[in-house]
Amino acid sequence: MLSTILSTLLGRLFRKGESDDGDKALNDQFLHMLEVVAGVYQAMSRLALDETPDCAALEKSLKAGDAETNQLEETIRRSVLLATAASHHPQSSITSHMMLLSNVRDAERMGDFAKNMFSVLGQKHEAAHDAFRDTLVAQLQSTLTLLADLAPAWRETRVEEAQRIADAVKRMGEECDRIVFGLMADPSESKTPVATALLFRYQKRFLRHLFNIAMCVVRPYREML
C-alpha cells in the first residue's frame, strides 16, 4: 500500500527526462556535503597549524559544519529511500543511488574523525608541536589539497585524477600506521605519545573514507556488479 502511494506521488519525478534532474539534485547535495566536510577539516587543521589559534571561533565553525553535515546526510538518505520506493525508477539508478548512500556515509564519517582530531588537539594542543609536527603539518596540508581535488574529480568522473587521489591517500595512511605502531613500540619518541597516536589514527580513518569516495570514481558501480 505504501509503495503504491509513493509510486503515485513520486512516479512523475522518475519518468524519462525527470530522473536526471533528481539525480543532479542529489549529486549537488553530496558535492555540497564534501565542501562542508572540507570546512570542518580546515577548522581542525587551523587549530594545529596556526601559531595563536582562536579556539572558540574554530570550535564554533567546526560544530556548525558538523551539524550541517549530519543534516545533509539525513536529507540525501531520505531522498534516496523515497526514490527507491518509486516503481518507475530504473534499476540502474537505484543501484547508483545505493553507491551514493555509501559515499554519503563516508563523508559523514570523515566529519566525525575531523571532529575527533579537533578534540584531541583541544585537550593536548602540545601534540601539534611534538616531534612529529612536520609530518602532521604535511599530512594536514596534503589532505586539504586532496579534498579540494576530490569534488571536481567526483563530479566530472575524472578516473585518472581519482586514482591519483586514492594513491596519495594510501601512501599517507601507511605513514600514519608507521607512526602509530612506532609509538606503540617506543612511546618515548613523543612527549605526548597517546595524543599523537590518536591524532594519526584518526587521520588514517579520515583518509580511509576519502579513499572510498575516490575509488567509487575509479571503479563505478557498473564494474562492481
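Each value in this text was obtained by applying a stated rule to the coordinates, not by laboratory testing. These numbers were taken from a predicted model, which means no experiment stands behind them. Positions of Cβ are backbone-derived with ideal geometry, glycine not excepted, and every protein chain shown enters the neighbour counts.
Neighbour counts of other C-beta atoms within 10 Å: give me 184, 33, 172, 99 arranged from fewest to most. List each step's numbers first, then the result.
Details: 184 10, 33 25, 172 22, 99 14.
With the sparsest Cβ surroundings first, the list reads 184, 99, 172, 33.
So which of 60/191; 63/204; 115/204; 115/170; 60/170 end up more than 23 Å apart by C-alpha? Working shown, then result.
Numbers: 60/191 29 Å; 63/204 21 Å; 115/204 14 Å; 115/170 21 Å; 60/170 31 Å.
Listed pairs above 23 Å: 60/191; 60/170.
Rounded to the nearest Å, what's the spacing between the alpha carbon centres of the range 151-223 and the range 27-60? Just the number, please.
18
Quick one: Debye curve from the alpha-carbon atoms of the range 143-209 only, equal weights, vacuum; give me log10 I(q)/I(0) at q = 0.24 Å⁻¹ to two decimals.
At q = 0.24 Å⁻¹ the computed log10 ratios are -0.94.
Taking the mean number of other Cβ atoms within 10 Å as a proxy for protection, how do you rank 63-73, 46-56 from highest to lowest? It would help to have the intermediate numbers written out before the result.
Details: 63-73: 17.8, 46-56: 13.8.
Final packing ranking: 63-73, 46-56.
Please report 110, 44, 98, 215 as a ranked list, fewest other C-beta atoms within 10 angstrom at the top and most at the bottom. The partial results should precede the final answer.
Numbers: 110 27, 44 30, 98 12, 215 16.
Ranking 110, 44, 98, 215 by Cβ neighbours within 10 Å, fewest first, gives 98, 215, 110, 44.
Dipole of the range 16-224, Cα-centred, from +1 at each Lys and Arg C-beta and -1 at each Asp and Glu C-beta, to the nearest 20 debye? Mind showing how you got there, number by number?
Numbers: 25 positive and 31 negative charges, 92 e Å.
Taking the Cα centre of the range 16-224 as origin, the dipole is about 440 debye.
Order by neighbour count: 171, 158, 201, fewest other Cβ atoms within 10 Å first, most last.
Values: 171 11, 158 16, 201 19.
The fewest-first ordering by Cβ neighbours comes to 171, 158, 201.
Calculate, in nm to one decimal, what residue 98 and residue 29 gain on full extension: separation in residues at 0.36 nm each, minus their alpha carbon distance.
Numbers: separation 69, 0.36 × 69 = 24.84 nm, distance 1.51 nm.
In short, 23.3 nm is gained.
With a Förster radius of 35 Å, plug the Cβ-Cβ distance of residue 70 and residue 125 into 1/(1 + (r/R0)^6) and report the FRET value to the nearest 0.05. Intermediate values should be presented prior to the final figure.
Working: r = 26 Å, r/R0 = 0.75.
FRET efficiency, residue 70 to residue 125: 0.85.
Give me the extension gain from residue 184 to residue 155: residue separation times 0.36 nm, minus the current Cα-Cα distance, reported in nm with one decimal. Don't skip to the end; give the middle numbers.
Details: separation 29, 0.36 × 29 = 10.44 nm, distance 4.02 nm.
Length difference between fully extended and current span is 6.4 nm.
Kindly list the residues of the range 137-164 that lie in the label zone of residue 170, defined by a backbone N under 11 Å from the point 7 Å along the Cα-to-C-beta vector.
Only 163-164 pass the distance filter.
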